[in-house]
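I have placed the structure first, in the form of structure tokens, so that the comments after it can refer back to it.
The values are calculated or read from the model by the stated rules, or taken from the named source; none is laboratory data. Values in this document were obtained by computation on a predicted structure and should not be read as measured data. Counting neighbours? That spans all protein chains shown, and the Cβs are built from the backbone with ideal geometry, glycine included. With ligands, DNA and RNA removed, areas are computed over all heavy atoms of the protein, side chains included. Shrake-Rupley method; radii C 1.70, N 1.55, O 1.52, S 1.80 Å.
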Amino acid sequence: MTWVKICGITNLQDAMTAVDAGADALGFVFYEKSPRYVTPEAVHDIVQRLPKSVEKIGVFVEQSLDEMGQIAETTGLTGIQLHVKFPHTQCATLDSRTTKYMVLRASNLLDAKGRFTSLPWYLDVKKSIGAVFLDAGSEALPGGTGRTFDWASAVGPVRLLRQDFRIVVAGGLTRTNVREAMRILKPWGVDVSTGVEAQPGKKDPKKVRDFIAAVRNADQEV
């Protein structure tokens, strides 16, 4: 079964909608420039109401290790999703009780000639990273763009990365295209935010249910 994360949760109602629909994980964005930003205090209150079986993942952009660790501890997060520039080897120093997820821009996987980029952190982080997220973010907007990346061009790099990491596809997924993304890239998981929203920061219950149903239907086909 494909792991499904519903990201950009800002309130308890949306969190429970995703849980009831069968989400494996919920994402809470601690990036203040995001329209989906939520405070640690609000996340703490939401997390206390969620079942233990659901992963609670904090999404961080350029925060310090100390800040991420403190927020994870005070809110009850079970995972940390990293958009960072500091050496990824430092990820291992975060609390061992939280799973670390690293986000890569898909455009960084290939060089100008379409060849797989040799990433310097590749071997150093294998033991401390639970999964690698591939997204279509940019310098200005690390995630939540609502845009897909070129899945076909990423097949080769993903095949290599999959030898050492679980792969999660993110960026522009919807109920209508997630099956194709799964067919092409065969990921361990999928991550959606914009594609199940009524507006930034507010989920559409039907879109949430339809997205997860589409993933489960694709699982049956595989």
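What to note about this one:
- You will find that of Gln48, Gln70, the residue that is open to solvent by 50 Å² or more (accessible area, probe 1.4 Å), of a type outside the set (Lys, Arg) and modelled with pLDDT of 95 or more is Gln48 and no other.
- Looking only at residues in region 21-45 that are among the acidic types (Asp, Glu) and modelled with pLDDT of 95 or more, the one that is farthest from Leu104 (Cα to Cα) is Asp45.
- Of all residues in region 1-22, those being touching a strand residue (DSSP E or B) at 6+ places or on another chain (Cβ under 9 Å), under 17 Å from Lys202 (Cβ atoms) and open to solvent by 10 Å² or more (accessible area, probe 1.4 Å) number 7.
- Residue check for Gly143: under 18 Å from Gly8 (Cβ atoms), at pLDDT below 95 and not in a strand (DSSP E or B): yes
- Within region 194-222, considering residues that are in a loop (DSSP other than H, G, I, E, B) and in contact with a Pro (Cβ under 9 Å, 6 or more places away or on another chain), the one surrounded by the fewest Cβ atoms within 10 Å (Cβ to Cβ): Pro200
- Single residue of Leu50, Leu77 found to be touching a residue at least 24 places away in the same chain (Cβ under 8 Å), under 15 Å from the mean Cα position of the chain (by Cα), under 18 Å from Met16 (Cα atoms) and in a loop (DSSP other than H, G, I, E, B): Leu77
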